[in-house]
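What follows is calculated from the coordinates using simple rules that are stated; it is not laboratory data. Small disclaimer: the values here were computed from a predicted structure and weren't measured. Note that each Cβ is placed from the backbone with ideal geometry, even for glycine, and that neighbours are counted across all protein chains shown.
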Number of protein chains: 2
Amino acid sequence: MSVLVVGSVAYDSIESPAGKVDRTLGGSATYISFASRFFSNIVRLVGTVGNDFDDMDLQYFKDKGVDLEGFKKDEGGRTFFWKGRYHENMNFRDTLDTQLNVFEHFDPVIPDVYKGSRIVCLGNIAPELQLKVLDQVTQPQLTICDTMNFWITGAREALEETISRVDVLIINDEEARELSGETNLVTCAKKIRAKGPKYLIIKKGEHGANLYSDYDMFSAPAYPLSKIVDPTGAGDTFMGGFAGWLSWSDKINRENLRRAVIYGSVMASFCVEQFGAESFRKLNRYDVDARYEEFRKLSVIPTKS
Amino acid sequence: MSVLVVGSVAYDSIESPAGKVDRTLGGSATYISFASRFFSNIVRLVGTVGNDFDDMDLQYFKDKGVDLEGFKKDEGGRTFFWKGRYHENMNFRDTLDTQLNVFEHFDPVIPDVYKGSRIVCLGNIAPELQLKVLDQVTQPQLTICDTMNFWITGAREALEETISRVDVLIINDEEARELSGETNLVTCAKKIRAKGPKYLIIKKGEHGANLYSDYDMFSAPAYPLSKIVDPTGAGDTFMGGFAGWLSWSDKINRENLRRAVIYGSVMASFCVEQFGAESFRKLNRYDVDARYEEFRKLSVIPTKS
């Protein structure tokens, strides 16, 4: 199945206890498309960059085989830029600088050849833009949406409409609590799923992720990484791995959804081992499948005996 | 195998968003012995209560079949009393009152008939007292220890000695970070296990628990409870279920340790559904085994396909 990815393409300057990098390629659409392209043959990107966008980075997308028909270079400004510093406890970070630049006027126009895409990944952008994408696609089999606290508080109405129209919502536990007004995660999940999404994935950082649907409740462990270099893009990579693997498997059912959650987690676990999107350069299927198997063994509960 | 339980027996006054109770039977030894007695035929309690201890509560222990040879009623004072209030987010609570009473002079003298106990549960008491217990037992097959931040900061030296002498340390993630001085849980686990314990269990509240040993790393999910009445005693109950089930299974190996973690989690999940130790009154093996199976299904990762 084809995957459509809409989101930001950015340059990030990142400091973490493991080091620092300047203006490394980032943005939600970057991570989602690289991670989904790992599994899927057809990954289509809609995003915008500025006049400072490096040819080498453009080449990285081309080398990866990402379809760039919807990729626009806006010569009238610079690329979205984010600068942040992670704390010793990397669950926390400070944003030091945000320059929206050309992303401020991002208008996700879906090329005609993209409109029939079967899996639609709405990266973490304004809900109004996510709706605009949903209005343009013609036959999605699965629509997947990410969001953040900024939109939950600042664009609630549009976000509620987006949520009512997507199949899968992927958020973290803090966002789930804010969106539902509940503290208990099971109650959170019930309330959020009542808003529309057939599938809800609540990411819990170092504690794994939960998948809720009418016919399943799944608790996925986190991979026990002893060294995390840079958490940037982990959530986007999760979405990309999830979507990409479902695209490859070609069948959306209970077992494949569980597998997709684990493949998403696997991809995210590789992502955080290097700065930015560097991990995707050399990642191969053998390593990914081996880590999938490690995930599986980690959580086997023996039968009662 | 026989189980020896040493800890507090207390009266708790508890407020939670679900209601309140006054002077309900509590204390670490209470929860541990009830939970372990659910599985184990021989559970021996060492604890002390005061002149206000109710005959009905004593009868509760007798009805449960807990061996009370080491249970002392001190007529010279009152029973350990704790009063607390849980927040809307029940991961947080305020202690409103603590009266150590007769527990202040608790001296864990192990009766001769208890000294050969095979599984030793050291509830959350002063590390000096835990060491005193270890000095008295003669042939333990498994020693299990709980502790808390209060001892990590206030009795570090004695605690390090206790930890160096026990087989299993059970703590929560916050305590693991404080004890190791690390933030990454995998690194925490490595550092703590280097201090002595063959097995380390890190409880993560609503996110489940991890078991670390030389030959296994296990990630157990949390049971998705939608209604929690009172978290008091959940950790002690976990230890009791863990120890009790191992006692019943009679064999300490990789599979049984994983099962014991799940049975501990199952018992804890029942514990928090009612105030205090009320859940233990009517709990039966059918319900416990059914929930074990729910735990198992919750975390099955399908093979790669």
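Numerical summary
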item	result
Cβ-based net charge around B:GLY244, under 13 Å, with every Lys or Arg adding one and every Asp or Glu removing one	+4
Amide H partners (placed H, <5 Å) of B:THR48, local residues excluded	B:VAL9, B:LYS72
Label 7 Å beyond Cα on the Cβ vector: A:GLU157 copy-to-copy distances, nm	6.7
Violating pairs (Cα-Cα greater than 31 angstrom) within the set A:LYS83/A:LYS191; A:LYS73/A:LYS204; A:LYS198/A:LYS297; B:LYS72/B:LYS191; A:LYS203/B:LYS20; A:LYS195/B:LYS297	A:LYS83/A:LYS191; A:LYS73/A:LYS204; B:LYS72/B:LYS191; A:LYS203/B:LYS20
In Å, descending, principal axis extents of the Cα set of region B:217-292	34, 24, 21
Kirkwood-based Rg to Rh ratio, region B:28-182, C-alpha trace	0.96
Charge dipole (debye, nearest 20) of the protein assembly as shown; +1 at Cβ of Lys and Arg, -1 at Cβ of Asp and Glu	1780 debye
Nonlocal amide H pairs with B:ARG93, under 5 Å, H built at 1.01 Å	B:HIS87
Surface/4 of the Cα convex hull for the protein assembly as shown, nm²	26.7 nm²
Cβ-derived FRET efficiency at R0 51 Å, B:ALA158 paired with A:LYS20, nearest 0.05	0.75
For residues of A:219-231, the mean tally of beta carbons on other chains within 10 Å	5
Nearest-first distances (nm) between copies at B:GLU294, label 7 Å from Cα via Cβ	3.3
Once the Cα gyration tensor of region A:113-172 is diagonalised, semi-axes √(5λ) in Å	20, 11, 9
Enclosed volume per residue, in Å³, of the convex hull spanned by Cα atoms of region B:143-233	100 Å³
Placed amide H near A:ARG23: partners under 5 Å, 5+ positions off or other chain	A:ASP12, A:SER13, A:ILE14
Directionally averaged shadow of chain A, computed from the convex hull of its alpha-carbon atoms, nm²	15.5 nm²
Shielding by other protein chains, A:171-181, mean Cβ within 10 Å	0
Label spacing, shortest first and in nm, from B:LYS64 to its equivalents in the remaining copies (7 angstrom along Cα→Cβ)	5.6
Charge dipole magnitude, Cβ of K and R +1, D and E -1 - region A:3-298, Cα centre, debye nearest 20	920 debye
Karplus 3J(HN,Hα) series, Hz, for region A:218-223 with 6.51 cos²θ - 1.76 cosθ + 1.60 (x for Gly, Pro)	10, 10, 9, x, 8, 6
Likely footprinting exposure, A:ASP12, A:ASP97, fewest C-beta neighbours within 10 Å first	A:ASP97, A:ASP12
Shielding by partners, peptide A:209-216 (average Cβ within 10 angstrom, other chains)	1
